[in-house]
Amino acid sequence: MSSRKKTQRIEPFRHRVETDPRFFEKAWRKLDDAIREIYNHNASGLSFEELYRTAYNLVLHKHGPKLYDKLTENMEDHLQEMRISIEAAQGGLFLVELQRKWDDHNKALQMIRDILMYMDRVFIPTNKKTPVFDLGLDLWRDTIVRSPKIHGRLLDTLLDLIHRERTGEVINRSLMRSTTKMLMDLGSSVYQDDFEKPFLEVSASFYSGESQKFIECCSCGEYLKKAQQRLDEEAERVSQYMDAKTDEKITAVVVKEMLANHMQRLILMENSGLVNMLVEDKYEDLTMMYSLFQRVPDGHSTIKSVMNSHVKETGKDMVMDPERLKDPVDFVQRLLNEKDKYDSIVTTSFSNDKSFQNALNSSFEHFINLNNRCPEFISLYVDDKLRKGMKEANEEDVETVLDKVMMLFRYLQEKDLFEKYYKQHLAKRLLSGKAASDDSERSMLVKLKTECGYQFTSKLEGMFNDLKTSHDTTHRFYAGTPDLGDAPTISVQILTTGSWPTQPCNTCNLPPEILGVSEMFRGFYLGTHNGRRLTWQTNMGTADIKAVFGNGSKHELNVSTYQMCVLMLFNSADCLSYRDIEQTTAIPSADLKRCLQSLALVKGKNVLRKEPMSRDISDDDNFYVNDKFTSKLFKVKIGTVATQKESEPEKMETRQRVEEDRKPQIEAAIVRIMKSRRVLDHNSIVTEVTKQLQPRFMPNPVVIKKRVESLIEREFLERDKTDRKLYRYLA
């Protein structure tokens, strides 16, 4: 059995439904009266349900277009009445009346929208009309806000209130907020065209004039504070009674008029600009300058450029000043203080900005390498700190100082020159036993190794290994030679020639007591090490000798080997001339004079006396034991009078040795490059060699050319037969 679905169909009335011809007029009159009552604040007696049904029927019976047109006319009439009332308001009551009428219109619109909700939902979308509420806003805009008598007056009133607030007056911010909100409610274009654009133009004019006035009478720091204050005020003003999007625009206006237009003049301002802030350590002003000019295109790059120029200029004055070069330790300490100062500025005032740190590093590298004595001075500074300065300091302080020194070391282009000096100073510390801490010495080596690699420190580490081996050898010597009797005790440091900065020197004539035990040690050492050679470096040793003076005082004197040789002569003579001492000891003249100066002319250490008395040692001087010598200390340490810095001839000699050491390194780099590239032009070789050797030193292009010529002569390279600028590698 099957069943069919029955479908129902609704058909329209077959007969015509007659409506009241005056239906629209009656219905509209009811709505018109209701709208009037709403605008007159008498809406409490209205039946909104009945009014809604009336509007619903009008739309249902196709009266939507007429209803929409009548509504528009009705609201225009009411708004015209409001316009007259607003125009009549005087002075400060103008905005109050405008706001009151706006509130009335808004409330009325909400009620009207509710009554005409069906028209909003059905008629308006179909016929592409403006919704009721939006229609009311558009009519308010055109009838009220943009009416000839209100439009200009409203703008002038708002701008005048803002100007008064900028000049310190207190205004009704609540009224301002509600007025600008009205403009925003009318649409972003109304707010922007009728208020924001004129506001920004007037603001630009205001701040242009104010900035000109400020810059004539204020210092840079004061000006920046005022600019920051104005920026803060504008940001707060926007937050109180403007659209949030206005914040970025008004900020741009203030930045342009107060900062960008005066950037160069502010930064370069005499006695208060950037340079003055850097010199006077004005951290607060520097922070403000960094923060404010961050908003200006090229602001930070301008600050960096001026800072760079200043640091380079002051740094150049520092490293080229002859007075400051007299004390190497103080010279380097000044550099470190300068570095600490600018590091602190970058960290504190410039938000630790990496670009500023890089610029600072570039400036320091520039001026430190202007003086070719900086490698020597930095090494002397380390020598001073590791020799005596760290006795009062703990390990953390030691590390801090060494880390700071390494920062200066990184700036050096001639790191190999530093290595040369450091090796000399380290050797003196180790051999004289004046190194304050073995841990500190090794810590410095680790830092150098980390920075430059194993090759840089291999010989320095070899020096430490030699000391340990020497200690063990000396111990074995005394253990295996028991019949030394009353011979002096010696401690021999055996130095590997390649590791230590030893120089050829004429061995002086040692006292017989020392000579005997020295020869015994030589025999012992050579007997256990085949094929080796020992050369005594008498210019590098020290000795402890016991002395009894004529007044009965006894002391233990810590002296150099040369000083010991001189003093031992007075065991068999009361008076010796300079020529006698020189002939007997065979000590080089320059060393002997320094030695005698330290023994006879240093107050508190003068174990000898000289006749005639004078500051300098001459060939005709006679020397005696100073029988009146006294000291509170039993152990008296007598240093050798010597200059801390190298003399000019010594400096030239060191420089020459460094230049000679560089030649094989440059050649090795050229061969490495050519071996991998096979064919290369001259300029490319110079670039590649410079790049490879830059971590150790900056090779001179002229020297590179000479080394290339040398390699061609030795048939490592050849010139290309067709292009003379090209080199070919010969396997």
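Go through Ser344, Ser351, Ser355 for me and flag whichever is polar (S, T, N, Q) and either in a loop (DSSP other than H, G, I, E, B) or open to solvent by less than 10 Å² (accessible area, probe 1.4 Å) (or both).
Checking each option against the conditions leaves just Ser351.
So, in segment 601-628, exactly how many residues are in a loop (DSSP other than H, G, I, E, B) and closer than 15 Å to Gln563 by Cβ?
Taking segment 601-628 as the starting set, the residues that turn out to be in a loop (DSSP other than H, G, I, E, B) are 601-607, 612-621, 626-628.
Of the ones still in play, those that are also closer than 15 Å to Gln563 by Cβ are 601-602, 605-607, 617, 626.
Qualifying residue count, segment 601-628: 7.
If Asp298 satisfies every condition in (1) over 12 Å from the mean Cα position of the chain (by Cα); (2) surrounded by 15 or more Cβ atoms within 10 Å (Cβ to Cβ) but one, which is the exception?
Of everything listed in (1) over 12 Å from the mean Cα position of the chain (by Cα); (2) surrounded by 15 or more Cβ atoms within 10 Å (Cβ to Cβ), Asp298 misses just condition (2).
List the number of the failed condition for Gln692; all other conditions in (1) closer than 14 Å to Arg672 by Cβ; (2) open to solvent by less than 60 Å² (accessible area, probe 1.4 Å); (3) of a type outside the set (Gly, Ala, Ser) hold.
Single failed check for Gln692: (2).
Note down all Cβ pairs under 7 Å where the first residue falls in segment 32-61 and is farther than 17 Å from Asp104 by Cα, the second is at pLDDT 90 or above and not in a helix (DSSP H, G or I), and they're at least six residues apart or on different chains.
As it stands, the answer is Ala55/Leu116, since those pairs meet every condition given.
Any idea which residue in segment 229-246 is most open to solvent (accessible area, probe 1.4 Å), counting only those that are outside any helix (DSSP H, G or I) and in contact (Cβ under 8 Å) with a residue 12 or more places away in the chain? Before the answer, list the steps.
To start, the set of residues in segment 229-246 that are outside any helix (DSSP H, G or I) comprises 242-245.
The next check asks that each one be in contact (Cβ under 8 Å) with a residue 12 or more places away in the chain; those that pass are 242-243.
Numbers: Met242: 18, Asp243: 43 Å².
Ranking the qualifying residues of segment 229-246, first place goes to Asp243.
Which of (1) in a helix (DSSP H, G or I); (2) surrounded by 13 or more Cβ atoms within 10 Å (Cβ to Cβ); (3) at pLDDT 80 or above is the odd one out, the single condition Val658 does not satisfy?
The one condition Val658 does not meet is (3).
I need the full set of residues from segment 666-707 which are within 37 Å of the chain's Cα centre (by Cα) and either assigned to a loop (DSSP other than H, G, I, E, B) or in contact (Cβ under 8 Å) with a residue 60 or more places away in the chain (or both), in order please.
Gln694, Pro695, Arg696, Phe697, Met698, Pro699, Asn700
For segment 538-565, name all the residues that are of a type in the set (S, T, N, Q) and either without any contact (Cβ under 8 Å) to a residue 60 or more places away in the chain or within 18 Å of Leu510 (Cα to Cα) (or both).
The answer is Thr538, Asn539, Thr542, Asn558, Ser560, Thr561, Gln563.
Taking segment 487-508 as the search range and keeping residues that are among the hydroxyl-bearing types (Ser, Thr, Tyr) and at pLDDT below 75, which one is surrounded by the most Cβ atoms within 10 Å (Cβ to Cβ)?
Per the criteria, the residue is Thr502.
Mind checking which pairs have a first residue in segment 515-529 that is without any contact (Cβ under 8 Å) to a residue 60 or more places away in the chain and a second that is hydrophobic (A, V, I, L, M, F, W, C) and in a helix (DSSP H, G or I), Cβ under 9 Å, 6 or more apart or different chains?
Pairs that qualify, where the first residue is without any contact (Cβ under 8 Å) to a residue 60 or more places away in the chain and the partner is hydrophobic (A, V, I, L, M, F, W, C) and in a helix (DSSP H, G or I), are Met520/Phe477; Phe521/Phe477; Phe524/Phe477; Tyr525/Phe477.
Which of (1) in contact (Cβ under 8 Å) with a residue 12 or more places away in the chain; (2) assigned to a helix (DSSP H, G or I); (3) not hydroxyl-bearing (Ser, Thr, Tyr) is the odd one out, the single condition Val492 does not satisfy?
With (1) in contact (Cβ under 8 Å) with a residue 12 or more places away in the chain; (2) assigned to a helix (DSSP H, G or I); (3) not hydroxyl-bearing (Ser, Thr, Tyr) applied to Val492, the lone miss is (2).
Looking at segment 98-144 only, could you name the residues that are under 21 Å from Leu155 (Cα atoms) and among the aromatic types (Phe, Trp, Tyr)?
Once the filter is applied, which keeps residues that are under 21 Å from Leu155 (Cα atoms) and among the aromatic types (Phe, Trp, Tyr), segment 98-144 yields Trp102, Trp140.
Which of the residues belonging to segment 42-98 are open to solvent by 80 Å² or more (accessible area, probe 1.4 Å), modelled with pLDDT of 90 or more and within 24 Å of Arg141 (Cβ to Cβ)?
Of everything in segment 42-98, those that are open to solvent by 80 Å² or more (accessible area, probe 1.4 Å), modelled with pLDDT of 90 or more and within 24 Å of Arg141 (Cβ to Cβ) turn out to be Asp69, Glu73, Asp77, Glu81, Ile84, Leu93.
Which of (1) closer than 16 Å to Ile303 by Cβ; (2) open to solvent by 10 Å² or more (accessible area, probe 1.4 Å); (3) outside any loop (DSSP other than H, G, I, E, B) does Leu360 not meet, given it meets every other one?
(2)
Can you name the number of the only condition in (1) touching a residue at least 40 places away in the same chain (Cβ under 8 Å); (2) hydrophobic (A, V, I, L, M, F, W, C); (3) part of a loop (DSSP other than H, G, I, E, B); (4) surrounded by 14 or more Cβ atoms within 10 Å (Cβ to Cβ) that Leu633 fails?
(4)
State which residue pairs qualify: first residue within 20 Å of Asn539 (Cα to Cα) and in the same structural domain as Pro612 (by the TED database) and inside segment 568-597, second residue in a helix (DSSP H, G or I) and small (Gly, Ala, Ser) in any location, beta carbons under 9 Å apart, and separation of 6 or more residues or different chains.
Within 9 Å, the pairs are Glu582/Ser589.
Give the residue, chosen from Lys226, Lys249, that is surrounded by 13 or more Cβ atoms within 10 Å (Cβ to Cβ), out of contact with any Cys (no Cβ under 8 Å at 6 or more places or on another chain), of a type outside the set (Val, Ile, Thr) and part of a helix (DSSP H, G or I).
Lys249
Does any residue of segment 386-397 turn out to be more than 24 Å from Thr654 (Cα to Cα), in contact with a Leu (Cβ under 6 Å, 6 or more places away or on another chain) and assigned to a helix (DSSP H, G or I)? Please lay out each step first, then the result.
Here is the first cut: in segment 386-397, the ones more than 24 Å from Thr654 (Cα to Cα) are 388-397.
Next cut, in contact with a Leu (Cβ under 6 Å, 6 or more places away or on another chain) only: none.
No, there is no match, as no residue in segment 386-397 is more than 24 Å from Thr654 (Cα to Cα), in contact with a Leu (Cβ under 6 Å, 6 or more places away or on another chain) and assigned to a helix (DSSP H, G or I).
Condition test on Glu715, is it of a type in the set (Asp, Glu) and modelled with pLDDT of 85 or more? Explain how you work it out, then say what you get.
Numbers: of a type in the set (Asp, Glu): yes; modelled with pLDDT of 85 or more: no.
No, not satisfied.
The values are calculated or read from the model by the stated rules, or taken from the named source; none is laboratory data. Model, not experiment: these values are computed from the prediction. Here the Cβ is made from the backbone with ideal geometry for all residues, glycine too, and neighbour counts use every protein chain on show. For the accessible areas, the whole protein counts, side chains as well, though only heavy atoms, and no ligand, DNA or RNA atoms are used. Shrake-Rupley method; radii C 1.70, N 1.55, O 1.52, S 1.80 Å.
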